[in-house]
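Below: the structure, in structure tokens.
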Amino acid sequence: LMKYLVANWKMNSVDLDLWEKNFLKVIGSEKDFPKSHEVKLIICLNLYDYQLFSKKIQSSKNQIFQNIILYAQDVSRYKEGAHTGQISSHYLKNIGLEGSIVGHSELRENGDTENIVFQKGLKLKEQGLSNIFCIGEDLVTLESNEKKSFLLNQLKAFCKKDVKPDLLAYEPIWAIGTGIEADSENIKSSVSIINDFLEQKKINTSILYGGSVSVENILEIIAIPGIEGCLVGNSSLDGEQFAIIASKITG
Ligand code: PEP
């Protein structure tokens, strides 16, 4: 079964040469590094880094590095026009990106409603681009036992018309960037809520976990039934850590 490891570099500055060097160092020393058909590596980066990094990928002699797929971190819900600062799905497609994250909690916090997230998914779909659809509850929702209805509401709002998650990242908000990873019982119960919904809707997609994934906890997280990969923020900023996580993800 294919596993997925997604890096979200967010608005951090990454030294691209160093990242590549550190990534390749691990690959060179790991004889059993998973093959590209075993784990798909996706990096979500800003468009300036994309231009530079895609050139590195194209000119690389390393097959694993060559097979890294590049996604945007966000997309406009509009087609084109007077939307200062936004980037259309058409533009992402034209410059060669393969997809984008939608519904990341940091963007939901900034005003992306369920409907806006859906519109963004629709725009990607219209261009034949893939989405990584992020959902997850905050601490108040978890502690007031409203996780199930909260997650179902997010899922229902997105899975409409022809839109569906191409990859689905379960990211409890309280675990993102905090160093607190979700406990496996919580992840398991969320996976079962999500899977019941997907089965009902006959949607086939892989569920990833995101929230303070690191070299230390990756084995524990990837062993949870139903988790087929991870979305990694902080630990993806260093090519070495990202590669070590990737090397452990096939279990
Ligand atoms: C994220 O950006 O979605 C994320 C999970 O970040 P971190 O790994 O830093 O918690």
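The values are calculated or read from the model by the stated rules, or taken from the named source; none is laboratory data. Because the structure is predicted, anything quoted here is derived from the model rather than measured. For neighbour counting, all protein chains shown are included, and Cβ atoms are generated from backbone atoms with ideal geometry for every residue, glycine included. Just the protein is used for accessible areas: all its heavy atoms, side chains included, with ligands, DNA and RNA removed. Shrake-Rupley method; radii C 1.70, N 1.55, O 1.52, S 1.80 Å.
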Any pair with Cβ under 9 angstrom, 6 or more apart, that starts in the range 181-202 at a residue that is within 17 Å of S214 (Cβ to Cβ) and in a helix (DSSP H, G or I) and ends at one that is among the β-branched types (V, I, T) and open to solvent by less than 50 Å² (accessible area, probe 1.4 Å): S184/I221; S184/I224; I187/I221; I187/I224; I187/I227
- request: Within the range 139-150, identify whether any single residue is within 16 Å of the ligand (Cβ to nearest atom) and either touching a strand residue (DSSP E or B) at 6+ places or on another chain (Cβ under 9 Å) or outside any helix (DSSP H, G or I) (or both), and answer yes or no.
  value: no
message: Restricting to the range 118-134, give me the number of residues that are of a type in the set (F, W, Y) and open to solvent by 10 Å² or more (accessible area, probe 1.4 Å).
response: 0
message: Can you list the strands (runs of 3 or more DSSP E) lying wholly within the range 1-101 that have 3 or more residues being modelled with pLDDT of 95 or more and either among the small types (G, A, S) or open to solvent by less than 10 Å² (accessible area, probe 1.4 Å) (or both)?
response: 3-8, 39-44
- request: Restricting attention to the range 1-35, report how many residues are closer than 30 Å to N204 by Cα and in contact with a helix residue (DSSP H, G or I) (Cβ under 6 Å, 6 or more places away or on another chain).
  value: 3
query: Looking only at residues in the range 177-206 that are touching a helix residue (DSSP H, G or I) at 6+ places or on another chain (Cβ under 6 Å) and among the aliphatic types (A, V, I, L, M), which one is nearest to L5 (Cα to Cα)?
result: A182
Residue in the range 151-186 that is nearest to G233 (Cα to Cα), counting only those that are of a type in the set (S, T, Y) and within 13 Å of the ligand (Cβ to nearest atom): T178
Residue ID - surrounded by the fewest Cβ atoms within 10 Å (Cβ to Cβ), chosen from residues in the range 207-249 that are of a type in the set (S, T, Y) and in a loop (DSSP other than H, G, I, E, B): S214
message: Restricting to the range 221-243, count the residues that are touching an Asp or Glu at 6+ places or on another chain (Cβ under 8 Å) and within 15 Å of the ligand (Cβ to nearest atom).
response: 2
- request: Would you check if there is a residue in the range 191-205 being among the aromatic types (F, W, Y) and modelled with pLDDT under 95?
  value: no
query: If you go through the range 164-183 one residue at a time, how many are farther than 16 Å from I132 by Cα, surrounded by fewer than 20 Cβ atoms within 10 Å (Cβ to Cβ) and in contact with a strand residue (DSSP E or B) (Cβ under 8 Å, 6 or more places away or on another chain)?
result: 0
- request: Looking at (1) more than 30 Å from K93 (Cα to Cα); (2) at pLDDT 95 or above, find the lone condition where I180 falls short.
  value: (2)
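For every residue, the table says whether it meets (1) under 17 Å from V75 (Cβ atoms); (2) open to solvent by less than 80 Å² (accessible area, probe 1.4 Å); (3) in contact with a Phe, Trp or Tyr (Cβ under 8 Å, 6 or more places away or on another chain).
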position	(1), (2), (3)
S105	yes, yes, no
I116	yes, yes, no
L142	no, yes, yes
K148	no, no, no
D162	yes, no, no
